[in-house]
Amino acid sequence: MKSFDRLPSALSRLRSTRTPLLAWGLAGAITGFAVLLRYALEGTLPPGYPFLTFFPAVILTTFVSGTRAGVLCAALSGLAAWYWFIPPVGFVLDWQSGFALAFYVFIVVVDIALIHAMTKAMQRLEVEKGVSTALAEQQRTMFEELQHRVANNMAFVASLLNMSRRRILADPAAAPAIIDEARGRIETMARIHRRLHDPSQVDLPIGSYLIDLCSDVIEASGVTGVSCQVDVPEMSFDIRKLTTISMLVSEVVTNSLKHAFPAGRSGLITVRIERADEARAVLTIADDGIGLPDVPEDAQAGHGLGNRIIEALAKQLKGTITRRSGPGLATQVDFPI
């Protein structure tokens, strides 16, 4: 069974190494060998077997070198049999030789047609086998990716809960607000994963995807009067990097909505991705809010939970993060593509 399974690929490799000239040369060589073998058997065989060595020659040539080479071998073999082995000798056509040639043509046409059909079926089998192998490998890769992503998500949730626990220990009165904040982050992460794995989002450009994501975050926050503008060129990221970028954008936009627009102030948040060079890109999330007044440059990163999450996500991208305050606040992450 295993040998049969390897037969289509072996036949394909064998045929792929044959140039047309080599295939036709092989057809001529097999025909010549069949003629010599038929001569060697002359006198040994009883009368009435002019094609005995030519049928195997046609079958072998068609199987090894293809249909066209098989047709050439069939034609050469038929002419050789007609001239030397079908009485009367020579290209003489009477009812006996005509009947013998018609019988020969019928047999070789059936043989070539069957081998051609079998070869096509084997080729389709090889293609389907390749597709099945690719699908199996894709499923294996997706399963490993899913395991890795679930582990990362659980680690993120555990880290978030640990940080929330420390904050609650430091300020027990703020426990309800801290728990609500953690729940909101987990719900945001769930929305991001649902959106990324939505089949209708597979071919959605990254810019359109980020617009929908920012709209979801703004709507979930309940803040009014703040809009989001996205400027992203045509580019693609693997699902792992896009997940991290999505969580980073969501966290920065959430921070802006919380702190940049107090007292119902309206404003604009912009999200932009630009290529720094062939190997790197820069993600910029900026708002035109109140910024971070009177904060020294070396302390602009902040020590809040949101800022620590942003810095952790930037590290997942293997990127460097910078912030610029006034007017508004701009967060930039330079990361490898």
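By how many degrees, 0 to 90 and rounded to 10, does the Cα axis of helix 54-65 deviate from the longest principal axis of the chain? That works out to roughly 20 degrees.
Whole angstrom only: what separates the Cα centroid of the stretch 114-141 from the Cα centroid of the stretch 225-266? Between the Cα centres of the stretch 114-141 and the stretch 225-266 lies a distance of 45 Å.
Accessible surface computed residue by residue for the stretch 202-292, with neighbouring protein chains in place and a 1.4 Å probe, gives 48 Å² per residue. A Gaussian network model of the chain, with springs between Cα atoms under 10 Å, assigns the largest mean-square fluctuation among Ile59, Ile186, Ile206 to Ile59. By the beta carbon rule, with partners counted only under 4.7 Å, the chain holds these lone Cys residues: Cys73.
Entry comment: accessible area of the stretch 31-85 is 50 Å² per residue, from protein heavy atoms only and a probe of 1.4 Å.
Take 208-216, 104-112 and order them by the average number of nearby Cβ atoms within 10 Å per residue, most first; the result is 208-216, 104-112. Taking K and R as +1 and D and E as -1, what net charge do the other residues with C-beta under 13 Å from the C-beta of Leu161 add up to? Within the 13 Å Cβ shell, the charges total +4. Can you tell me the 0 to 90 degree angle between the C-alpha axis of helix 95-170 and the longest principal axis of the chain, rounded to 10? In the chain, helix 95-170 runs at an angle near 10 degrees to the longest axis.
Mind checking the angle between helix 206-221 and the chain's longest principal axis? C-alpha axes, 0 to 90 degrees, to the nearest 10. Rounded to the nearest ten degrees, it is 40. Quick one: Debye curve from the alpha-carbon atoms of the chain only, equal weights, vacuum; give me log10 I(q)/I(0) at q = 0.11 Å⁻¹ to two decimals. The computed values of log10 I(q)/I(0) come out as -0.79. Note on the chain: helix-only mean residue ellipticity at 222 nm, from DSSP H runs of 4+ residues weighted -39500 (n - 2.57) and normalised by residue number, equals -22000 deg cm²/dmol. If you count Lys pairs in the chain whose Cα atoms are under 23 Å apart, skipping same-chain pairs closer than 8 places in sequence, the total is 5.
Of the solvent-accessible surface of the stretch 82-228, computed with a 1.4 Å probe and all protein chains present, 66% belongs to carbon and sulfur.
The values are calculated or read from the model by the stated rules, or taken from the named source; none is laboratory data. Bear in mind that the values here come from a model prediction, so they are computed numbers and not experimental data. Methodologically, a virtual Cβ is constructed for each residue, glycine included, from the backbone with ideal geometry; neighbour enumeration extends over all protein chains shown. When the accessible area is computed, the model is the full protein with side chains, heavy atoms only, and any ligands, DNA or RNA have been set aside. Shrake-Rupley method; radii C 1.70, N 1.55, O 1.52, S 1.80 Å.
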